[in-house]
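Read the structure below first, then the notes.
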Amino acid sequence: MNQTDRKLLSGNEAIALAMCGCGVGLGTGYPGTPSTEILENFGELGGKAQWSPNEKVAFEVALGAAYAGARAVVTMKHVGLNVAADPLFTAAYTGVSGALLIVSADDPGMASSQNEQDNRHYAVAAGIPMLEPSDSQEAYDFTVAAIEISERWRIPVMLRLTTRICHSKTIVRLRELPGPKESPTFVRDIQGRVMIPAYARPAHHRLRDKLAEINAWNESSTLNQRFGEESTLGIITSGISYVHAKEAAPTVSMLKLGMTYPLPLDFIRSFAACVDRCVVIEEGDPYLVDSLRAAGIGFEGKSNIFRFGELNVGRVRKILKGDDTPEPVPPRGKPPQLCMGCPHRTVFEILHKLDCIVSGDIGCYTLGVLPPFEAMDTCVCMGASIGVGLGLRHSLPFEQARRVVSVIGDSTFVHSGITGLVEMVYNPPETGHVVMILDNGTTAMTGLQEHPGTGRTLGHRQTGKVIYEDLAKALGIQNVHVIDPSRDAEGLKTTLTDALQRKELTVIITRRPCILAAKKIIQYEKEAMHCESCSCEHAV
Amino acid sequence: MKNQVINVIIAGLGGQGVLKASDILSDAVFRAGYDVKKSEIHGMSQRGGSVCSDVRFGKKVLSPMVPVGEADFLVVIAEDQVEVNRHQLRQSGVLIEPKLIDLKTLKNQKSLNVALLGILSRYLDIGEEHWKEAIRSNLPEKLHGVNFDTFTLGRSAKTD
Ligand SMILES: Cc1ncc(C[n+]2csc(CCOP(=O)(O)OP(=O)(O)O)c2C)c(N)n1
Ligand code: SF4
């Protein structure tokens, strides 16, 4: 056996390798567990990889590249696709000239997310083909297949992953891949690309025609596989659920779906007809169950208790037995905490002391909700801290309204806080408002990624930098302060106390690097200084 | 041939090198020619919470997750995480925990994860050269020496 073409890889690493092999010209995204390492690896392998401020922008940049004829990939976690949903639905109408692969990494069980939404619904709702790999080998192979499908039908394609596909390592056999196609060039196609109603109506018809063709193709595609001759029990499954099912019931017949939208219903129907008992094994929402039921295919689904959390071998065994007795609750491990010395600690100590009503946001700092701080009252989605804080200020009685503070991390602020700040200037509450931007110089939560406020690219090279205090002042916000929370905790407390008294708008930026990032930041800054003083290719 | 799959769970706290240990283990078994799958939940591990990683290997592995109560080996790097994870171990399974190592003999306390892998290695049919190669390719060069020593220390520790 040749070891060099066999590698032990995570799904994310395998996808990055496939992207390189297919000559993907641009990879864009916004960090989010469990998707983050795809672009990081792609960048390390020499691909052009970029973090965008958020998923919507990332999607649009990749879409532009695909309009130009390039092969483009955009990566995000499941909730990222909510942010990017607007361009998604209409990009399905316009289609692309090159290839556009949308990687959606779902998190059933919420290992590191605020919900466990099932993004298979997006493929159906937007009308784009969807592929679901079941291990790293398929993550590699399906990336290639998805790019081929996208290019052949000129349609965006979704690669739908889950945490266990992204982060599990399994063996991958690498192969020779096609490499880049012709170079991008602009071809004018006004009716195909400008979605005014007159052009969008026929575009919608074109989309449905493409999907019908793809559906017919998928009926005999090798992406879907049928195993076993056993006729008493048959399992229909896809993605990670396949490997759990195969282990729980190794001898039964299986229909493993690789392309789960548009579904090959005739193929599924003929399988179901060959077995006495047919069971659908799927993680999350009853997506396959509902689609098969609508098509009049006879089968059994799972009890509602298995809709929550991840599946595993034990749970599949229970589903097959029809056993829906309550499951034992595993002992609780130790919850994560803010690191000792984390600059966020001081901020939450002060918010706690001042008895603020804290409209919170998502990042490491969400841990400010746990003891000993218990200084967060809401957390919904990225950027919501500002809007929700304003809504509270508008509606609460004066004595409560004046205690409301919106707290947002630096990466989150750039992601979706800027429009909130504009709202604050445009519709200021009578009590004024206070926004705190916790600037720790990194996207810590997802593993220390750069963002537009750090002034460094995904690969840590110097680039343009967004300065929050300048931005806030340019918007006309009266009080803008920058404070180091570790050096000047007293100053921070006084400034916040004062701001809460005023009926004005205040932005307080607490600036101090995350202790895990601090050393690296110094290193990157040194490299940048070196670059400025030489004329190598890295110079900016 | 019977497809026997060996299930190992490595557990501890964020920052203790749980994931590094499972990387080394899965790399070593991969080099020894087994099919292997490794799975874990990460994302919040840098903030000191419980972390655990599953490594399964054999002729052919399907699910990447060790079914509850079917671990053959439970390697726990933080003593206070033993009870939280004990339900993962099968009845005949082997628990490998920090108290099997005399911590004073460790040159670098951070290499406790590798010392425990040394103990685990005595139960597994994987040549020492594969372990060494795996350590080499998963750790920076300046740490090779101390980790080879620590691994050997674990491999030769008295545990009965
Ligand atoms: C739409 C969306 N995209 C991505 C994520 C994943 N995510 C959660 S918080 C966060 C950013 C955290 O960075 P920052 O605001 O700088 O706070 P820090 O963790 O550094 O304290 C990311 C990327 C998410 N929850 N939602
Ligand atoms: S990783 Fe950084 S931001 Fe997150 S808790 Fe630790 S010090 Fe704070």
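What follows draws every value from the coordinates through simple rules; no lab data is involved. As the structure is a computational prediction, the values presented were derived from the model and not from experiment. Quick reminder, even Gly has a Cβ in these numbers, built from the backbone with ideal geometry, and neighbours come from all protein chains shown.
Some points to look at:
- Share antiparallel - DSSP beta bridges, the protein assembly as shown, percent rounded to 5: 30
- Dipole orientation for the stretch A:441-540: of the candidates A:Gly453, A:Val507, A:Thr497, A:Thr497 has the Cα lying most toward the positive pole (charges on Cβ; Lys, Arg +1; Asp, Glu -1).
- Listed pairs A:Lys318/B:Lys38; B:Lys20/B:Lys99; A:Lys77/A:Lys493 exceeding 28 Å between Cα atoms: A:Lys77/A:Lys493
- Simple spin-label estimate for A:Leu177 and A:Arg193 gives 2.6 nm between the two label positions (7 Å along the Cα-to-Cβ direction from each Cα).
- For the stretch B:6-156, the percent of C-alpha pairs falling in each 5 Å distance bin, counted from 0 to the bin holding the largest distance, reads 2, 10, 21, 24, 23, 14, 5, 1, 0.
- If only the Cβ of Lys and Arg carry +1 and only the Cβ of Asp and Glu carry -1, the dipole of the stretch B:1-96 around its Cα centre is close to 380 debye.
- Rounded to 0.05, the FRET efficiency of the A:Val466 and A:Thr232 pair, given R0 = 41 Å and the Cβ-Cβ distance, is 0.05.
- Using 0.36 nm per residue and subtracting the Cα-Cα separation, the extra length available between B:Gln4 and B:Val146 on full extension is 47.7 nm.
- The protein assembly as shown - charge dipole about Cα centre, Lys and Arg +1 at Cβ, Asp and Glu -1, debye rounded to 20: 520
- Mean Cα-pair separation over length for chain A, i.e. relative contact order, pairs under 8 Å, 6 or more apart, %: 11
- Note on chain B: with a GNM built from Cα contacts shorter than 10 Å, the maximum mean-square fluctuation among B:Lys20, B:Lys38, B:Lys107 falls on B:Lys107.
- Inter-label distance, A:Asp377 to A:Ile305: 3.8 nm, where each label sits 7 Å from its Cα along the C-beta direction.
- Positive-pole candidate from A:Tyr524, A:Ala245, A:Tyr426, dipole of chain A, charges at beta carbon: A:Tyr524
- Unit Cα scatterers, Debye sum, the protein assembly as shown: log10 I(q)/I(0) for q = 0.05, 0.08 Å⁻¹: -0.26, -0.68
- Across the stretch A:225-321, Cα pairs under 8 Å and at least six residues apart give a relative contact order of 32 percent.
- Label point at A:Thr419 placed 7 Å out along Cα→Cβ; residues across the stretch A:357-389 whose backbone nitrogen lies under 15 Å: A:381-388
- Between B:Arg90 and A:Ile515, the modelled labels are 4.3 nm apart [label points 7 Å from Cα along Cα→Cβ].
- Kirkwood estimate for the stretch A:343-532, i.e. one over the average of 1/r between Cα atoms, Å: 16.6
- In Hz, Karplus ³J(HN,Hα) per residue of the stretch A:282-287 (6.51, -1.76, 1.60; θ = phi - 60°; x = Gly, Pro): 9, 8, x, 5, x, 6
- Of A:Lys256/B:Lys132; A:Lys334/B:Lys104; A:Lys48/A:Lys519, pairs whose Cα-Cα distance is over 28 Å: A:Lys256/B:Lys132
- Cα centroid of the stretch A:457-532 to Cα centroid of the stretch A:352-400, whole Å: 20
- Database remark: amide H of A:Ile235 closer than 5 angstrom to the amide H of A:Ser253, A:Met254, A:Leu255, A:Val279 (H placed geometrically; neighbours at sequence offset of 5 or more, or on other chains; Pro and chain starts carry no H).
- In chain A, taking the dipole from charged Cβ atoms about the Cα centre, the farthest positive-side position among A:Thr378, A:Met76, A:Pro197 is held by A:Pro197.
- Spin-label zone in the stretch A:107-131 - amide nitrogen under 16 Å from a point set 7 Å from the Cα of A:Ala200 along the C-beta vector: A:126-127
- Rounded to whole Hz, the Karplus (6.51, -1.76, 1.60) HN-Hα couplings of the stretch A:384-395, x for glycine and proline: 5, 3, 6, x, 5, x, 5, x, 5, 4, 5, 10
- Applying 1/(1 + (r/R0)^6) with r as the Cβ-Cβ distance of A:Glu490 and A:Asn115 and R0 = 35 angstrom yields a FRET efficiency of 0.35.
- Computed from backbone phi with θ = phi - 60° and the Karplus coefficients 6.51, -1.76 and 1.60, the 3J(HN,Hα) list for the stretch B:72-80 is 7, 9, 10, 9, 10, 8, 10, 3, 6 Hz; x is used for glycine and proline.
- Computed [θ] at 222 nm, deg cm²/dmol, the protein assembly as shown (DSSP H ≥ 4; -39,500 (n - 2.57); rounded to nearest 500): -11000 deg cm²/dmol
- Hypothetical label at A:Thr497: residues of the stretch A:316-356 whose amide nitrogen lies under 18 Å (7 Å Cα-Cβ projection): A:346-356
- The GluC sites (Glu not before Pro) found in the stretch A:401-491 that occupy coil by DSSP, while having at most 16 further C-beta atoms within 10 Å, are A:Glu430.
- Centre-to-centre, using Cα atoms only, the stretch A:55-121 and the stretch A:143-196 are separated by 12 Å.
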